[in-house]
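To keep things clear, I will list the structure first and then write my remarks on it.
The values are calculated or read from the model by the stated rules, or taken from the named source; none is laboratory data. Since the model is a prediction, treat every value here as computed from it, not as a measurement. With ligands, DNA and RNA removed, areas are computed over all heavy atoms of the protein, side chains included. Shrake-Rupley method; radii C 1.70, N 1.55, O 1.52, S 1.80 Å.
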Amino acid sequence: VRTAMKKLMLSNRGRFSAAADPVSMLPGSWGRGSWCNEHDTFHERLDIIEEKVIKTVEHLESEVKSLLNIISETTLKIPIAPGTPSIDIFDGEY
């Protein structure tokens, strides 16, 4: 998410004039205004969202692995009638 935002910001950098820059609009500004604080807050929120997404993906990976193990164990316990060709439903990918 952060990388995508950086790319977007960099791609739009040349599209705005210097007059649109909040620092240049405020004569005598110290160079760091409320817009910068908002920017920092925005990035902090993105970091929190990124962390939650990573944890969610890790949890889902764990759940999927668990379900695949259950399916695999269950298919091994199913009795097969004599003469029936066996088929690997995972095709060796698991």
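A few remarks follow.
- Accessible area in square angstrom per residue, segment 38-84, 1.4 angstrom probe: 88
- Stretched out straight at 0.36 nm per residue, the stretch from Ser66 to Thr84 would grow longer than its current Cα-Cα span by 3.7 nm.
- Rg to Rh, two decimals, where segment 34-86 supplies the alpha carbon set and Rh follows Kirkwood: 1.53
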